[in-house]
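Down below is the structure, laid out as structure tokens.
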Amino acid sequence: MTDPLSPDEARELLAAGGAAYGRGDLTAALATFEQVARSATGDLRISAMINAASMSDELGDHAAAVDRYHEALAAMPADARRIRPAALINLSQALQHVGDLDGAQTALEQARSLLTDGADDLEDLRVPCLLSLTAVAIHRQQWAYAADLAHESLEAAVRSAPTLAGHPLMNLAAVHFETGRFDLADDFAGQALAAFDEAGDSNAFAETQQNLGIMRARSGRHEDAEPLLLESQRYFEQAGAGHRVGIGLKVLAFVAEGRDQKERASALYRRSVEYFAESGAVLDVADVNTRLATLAFSAGRRDEGEALLASAVETYAELDLGLHCAQVDVWHATLLEAALNVDPDGALHKRAVDLAVPAALTIDAVRYSLPNGFQREQWNRHVADPAMALAFRLSYGCGDALLVGDLIEAHCAGTALDIGRSTGSAAPTLPLVMPDLPDRTPDVSTALHLGAALAGVAAGAGLPVSLPPHLTMSVGGRVALEPYIAEAEKRYGRPIRDSRSVQAW
């Protein structure tokens, strides 16, 4: 049995763990904090437990980090007015890593409520709380709210925690990048790098390098992205930060794929899966499996690609992420369409239709839930319209006039109807970052109930509306798209039509 540490010994070890973290030796820092957590008592033990959880999270063991934070929260006294909000803020970050945004939001709201009494000694905690709230808002594509939070956290950092100023600067870079302001994004990211360099925060400097490399890769600036990615990759490999290593490998694979270096891309993707799987980052594993499936399809290994896509859908379904399943199914149908251009096959064409139509209907229905015009326009342009255009092309290509007519009657085509099929044999390229999907269905119990056509206009104008109704065809009383709607709601676990029914004519 380990002898208990005296308070002075525990403080010395905590300082040593902090020094190890500062020089990038995360494994040594974790071992030191674990030693204090086992052998110290009182507040020092709880501090060590929180630090050990933080190291687990940075090393990529996110599930263990969540457990460690919960253990620390349960062990601390009820009057721990400072350490409790700190632990809740850190817990929220680990929960974000495992995809539990609701849990992260709840933890942050609890922390913020504990920090509202205006006490000066808690001022430094407001900055990380605001930073985490910004991260959740970014993940949920609430860009205006995220920008407000980023500016608020930057002001708080300049006032009370200048060494943290790089974080809100990088959040501002992310917001500007995602809203198409690439020059501003580059400028804010450069300011963040300078701020972290001045603060001597090597971990945040490397993370910002990687994030800037990701932004440049996403915008097609591969030559500018690669040096940043490689330099940060060396740092994270030396530090043993497995999840960050996996991210870097995935982006380097994407760059290789863009250069048509498919064997190198496949090898890098597979290495990234190993790191993600080891760290428990199941959403990242599913994403990379979708990318590996794309490469398998392009090489003619359709069975391998199908298995990888099925694995991704299974992961998302287990986490109740129905819209992610729909997104993968649309991509699956896109790959099948490319295969049909090379080798037409009736059964394969029918399979592509059965994947594309329910998924496209589900994705198109999302526009009724989006709260502002920018989100709606981005969603329709980049996600919904291409999905519906794919459903139309495939339905038209297999000669299903009834299905094409139903799609038109239901006003689901958007503005991107193009039944001309490409004849090229090149496989489609999956973007580095697929659009984030709203993670919950809003309450529309008080929304306006409009007809099918007017509902589309109202959603476009920003009015809160319910989902569109079922359309009953005047001839024969058949409900348009009924089997596809039923399949979509069953497969993706969310409603895409209101319970009402209206006549099509």
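If you roll a 1.4 Å probe over the heavy atoms of the protein chains, what accessible area per residue do you get for the chain, in Å²?
Numbers: 22650 Å² over 505 residues.
Per residue, the chain has 45 Å² of solvent-accessible surface.
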Taking the alpha-carbon centroid of each part, what is the distance from region 7-47 to region 75-97 in angstrom?
-> 18
Cα centroid separation, region 145-220 to region 235-276 (Å) | 23
Cross-link partners of residue 350 among lysines (Cα-Cα below 22 Å; sequence separation of 8 or more within a chain) = 490
Pair residue 71, residue 148: separation of 7 Å Cα→Cβ label points (nm) | 4.0
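Is the C-alpha gyration tensor of region 29-95 telling us rounded, prolate or oblate? Criteria: a/c under 1.5 is rounded; beyond that, a/b larger than b/c is prolate, otherwise oblate. Don't skip to the answer; put the middle values down first.
Details: a/c = 2.11, a/b = 1.14, b/c = 1.85.
Oblate.
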Karplus 3J(HN,Hα) series, Hz, for region 24-29 with 6.51 cos²θ - 1.76 cosθ + 1.60 (x for Gly, Pro) | x, 8, 5, 5, 5, 4
Across bins of 5 angstrom width beginning at 0, how are the C-alpha pair distances of region 331-390 distributed, in whole percent?
-> 4, 19, 25, 17, 13, 10, 6, 4, 1
Quick one: net charge around residue 176, please, counting Lys, Arg +1 and Asp, Glu -1 for every other residue with C-beta under 11 Å from its C-beta.
-> -3
For region 169-278, shape from the Cα gyration tensor axes a ≥ b ≥ c, cut at a/c of 1.5 then a/b versus b/c, turns out oblate
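Sorting 250, 350 by accessible area (1.4 Å probe), largest first, what list results?
Numbers: 250 30, 350 100 Å².
So, going from the largest accessible area down, we get 350, 250.
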How much space per residue, in cubic angstrom, does the convex hull of the C-alpha atoms of region 270-366 take up?
-> 88
Note, residue 38: beta-carbon cut-off 11 Å, +1 each Lys/Arg, -1 each Asp/Glu, net -1
Near the amide H of residue 479, under 5 Å away, which other amide H atoms are found, from residues 5 or more places off or on another chain, if H is placed in the peptide plane?
-> 473
Over all Cα pairs of region 194-240, how is the pair count split among 10 Å bins, expressed in % and running from 0 up to the last occupied bin?
-> 30, 49, 20, 0
Could you name the lysines in cross-link range of residue 250, using Cα to Cα under 21 Å and dropping any fewer than eight places away on the same chain?
-> 262
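Using the Cα atoms as the points, what is the convex hull volume per residue of the chain in Å³? Display every interim value, and only then the final one.
Numbers: hull volume 80.9 nm³, N = 505.
Spread over its residues, the Cα hull of the chain gives 160 Å³ apiece.
Dividing the alpha-carbon Rg of region 247-304 by 2.2 N^0.38 Å yields what?
Values: Rg = 10.8 Å, N = 58, 2.2 N^0.38 = 10.3 Å.
Computed over Cα atoms of region 247-304, the ratio equals 1.05.
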Would you list the P(r) distribution for region 1-142, with all Cα-Cα distances sorted into 10 Å bins from 0 and each bin expressed as a whole %?
-> 13, 39, 37, 11, 1, 0
Determine the share of the chain's accessible area contributed by carbon and sulfur atoms, expressed in whole percent, with a 1.4 angstrom probe.
-> 53
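Please work out the Kirkwood hydrodynamic radius for region 304-410, using every pair of different C-alpha atoms, and report it in angstroms with one decimal place.
On the way: mean 1/r = 0.0692 Å⁻¹.
Hydrodynamic radius (Kirkwood, Cα pairs) of region 304-410 is 14.4 Å.
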How large is ³J(HN,Hα) for each residue in region 301-306, as worked out from phi by the Karplus curve 6.51 cos²θ - 1.76 cosθ + 1.60 (θ = phi - 60°), to whole Hz, x for Gly and Pro?
-> 9, 5, 4, 5, x, 4
Alpha-carbon Debye profile of region 119-231, log10 I(q)/I(0) at 0.12, 0.18 Å⁻¹ | -0.40, -0.86
With all protein chains in place and a 1.4 Å probe, residue 27 shows an accessible area in Å² (nearest 10) of 80
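The values are calculated or read from the model by the stated rules, or taken from the named source; none is laboratory data. Computed from a prediction, not measured in an experiment: that's the story for all the values here. Positions of Cβ are generated from backbone atoms using ideal geometry, with glycine treated the same way; all protein chains shown enter the neighbour counts. Side chains included, ligands, DNA and RNA excluded: accessible areas come from the protein's heavy atoms. Shrake-Rupley method; radii C 1.70, N 1.55, O 1.52, S 1.80 Å.
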